[in-house]
2 protein chains.
Amino acid sequence: MKIGELAVRTGVSIRSLRYYDEQGLLTPIRRENGYREYSPFAEEQVRTIQLYLNLGLTTEQIASFLHCVLTIKEAFCKEVFPVYRQKLAEIEAQILQLQNIKMNLEERMQSILDERKTSGPED
Amino acid sequence: MKIGELAVRTGVSIRSLRYYDEQGLLTPIRRENGYREYSPFAEEQVRTIQLYLNLGLTTEQIASFLHCVLTIKEAFCKEVFPVYRQKLAEIEAQILQLQNIKMNLEERMQSILDERKTSGPED
DNA sequence: CTATACCCTGACATTAATGTGAGGGTCAAG
DNA sequence: CTTGACCCTCACATTAATGTCAGGGTATAG
């Protein structure tokens, strides 16, 4: 199928499909006229790519194990687990930092409310 | 004082101080030779700017209330609270999304461990 | 005078996936 | 042959604070 059809089927933009091609994630064959020709399996492959992107993985990370997970079960692709482990560590660090900022913000908002109450309405 | 001295005193790079100037956060007077001349109060102002940047606020948001908080108490600058409220909402949304990804990652990692265990070492 | 240590502006790079537009080729229906 | 709906590549824009470099001015110590 052509790129436009794959885009409609998957809900992924033509631009993104071309980007996946560029990044080596999903490389269609080319017709004589230069058009990308996708196999029927491409639809599932796009969904797989989207799944990993939604986990916050980069195209580079996905590319490092995509061929394997499309071939055999994810559990037996040895590149996957380390990527997950690293991503999990990053996520946890980010959550901690955001929780720090959140507490900080909440304290400052409470202080503002307290100070306004202490001072009271002026009229 | 000149920009280099302020940079050393605050630990903020010269590049960033020029950026704060450009963004209207901290505008020094100029000597006849064009050099930025910072008042002694600039040091505290830089620390204030850093404090808000560390809360994840943008220079634009900071600029919207910085003059006020440098003049009177933060609690009585009415622009501050809405900015905090909005930032808090953003942070909470980000934390939720990260927690979703985190759960997803943990489940997938557990699945991998389970499947490997089920299959067992092949030798 | 010169070396050195400052200062200035302007501009590009950084991240990563996606949007958007220009300029142009392909193809099928009319 | 023309129109319209596709497709192609190339390239710039997006976010936001900061790093870095080029090219050049200033000021002080020797």
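The values are calculated or read from the model by the stated rules, or taken from the named source; none is laboratory data. Note that the structure is predicted; figures quoted are calculated from it, not measured. As a convention, Cβ positions derive from the backbone with ideal geometry for all residues, glycine included, and neighbour counts pool all protein chains shown. In case anyone asks, the SASA skips ligands and DNA or RNA and just uses the protein heavy atoms, side chains included. Shrake-Rupley method; radii C 1.70, N 1.55, O 1.52, S 1.80 Å.
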Worksheet item: What does the accessible area of B:ASP21 come to, in Å² to the nearest 10, when a probe of 1.4 Å is used?
Response: 20
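Please compute, for peptide B:93-105, the average count of beta-carbon atoms on other protein chains lying within 10 Å of each residue's beta-carbon.
On the way: counts 1, 5, 7, 0, 3, 9, 3, 3, 10, 8, 0, 7, 10.
If you average over the peptide's residues, the count of other-chain Cβ atoms is 5.
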Practice prompt. Could you please state, rounded to a whole Å, how far the C-alpha centre of region A:1-28 is from the C-alpha centre of region B:1-54?
Written response: 48
Worksheet item: Between chains A and B, what is the buried accessible area in Å², counting both sides, with a 1.4 Å probe and ligands, DNA and RNA left out, to the nearest 100?
Response: 3300
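Given the pairs B:LYS2/B:LYS73; A:LYS2/A:LYS78; A:LYS87/B:LYS117; A:LYS117/B:LYS78; A:LYS117/B:LYS87, which span a C-alpha to C-alpha distance of over 25 angstrom in this model?
Violating the 25 Å limit, Cα to Cα: B:LYS2/B:LYS73; A:LYS2/A:LYS78.
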Worksheet item: Using the Cβ atoms and a cut-off under 11 Å, what net charge is assigned to the surroundings of B:ARG31, where Lys and Arg are +1 and Asp and Glu are -1?
Response: +1
Worksheet item: If you put a point 7 Å past Cα along the Cβ direction, how far is that point for A:ASN100 from the same point in each other copy, in nm, smallest first?
Response: 2.6
Worksheet entry | Under-5 Å amide H pairs with B:LYS73, H placed in peptide plane, nonlocal only | none
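In square angstrom, what is the accessible area per residue of chain A with a 1.4 angstrom probe?
On the way: 7620 Å² over 123 residues.
Here the residues of chain A average 62 Å² of exposed surface.
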Discussion item. If you average 1/r across every pair of different Cα atoms in region B:1-75 and take the reciprocal, what Kirkwood value do you get, in Å?
Written reply: 12.6
Practice prompt. Mind listing the label-point distances from B:ARG9 to the same position on all other copies, shortest first, one decimal in nm, points 7 Å along Cα→Cβ?
Written response: 6.6
Discussion item. Within the protein assembly as shown, what whole-number % of the accessible surface is contributed by carbon and sulfur, with the 1.4 Å probe and all protein chains included in the calculation?
Written reply: 52
Worksheet entry | Summed residue charge, Cβ within 13 Å of B:ILE3's Cβ, Lys/Arg positive, Asp/Glu negative | +2
Practice prompt. Quote the accessible area belonging to B:VAL12 in square angstrom, nearest 10, computed with a 1.4 Å probe and with ligands, DNA and RNA left uncounted.
Written response: 10
Worksheet item: Quick one: ranking A:ARG31, B:ARG85 by accessible area, 1.4 Å probe, largest first, what do you get?
Response: B:ARG85, A:ARG31
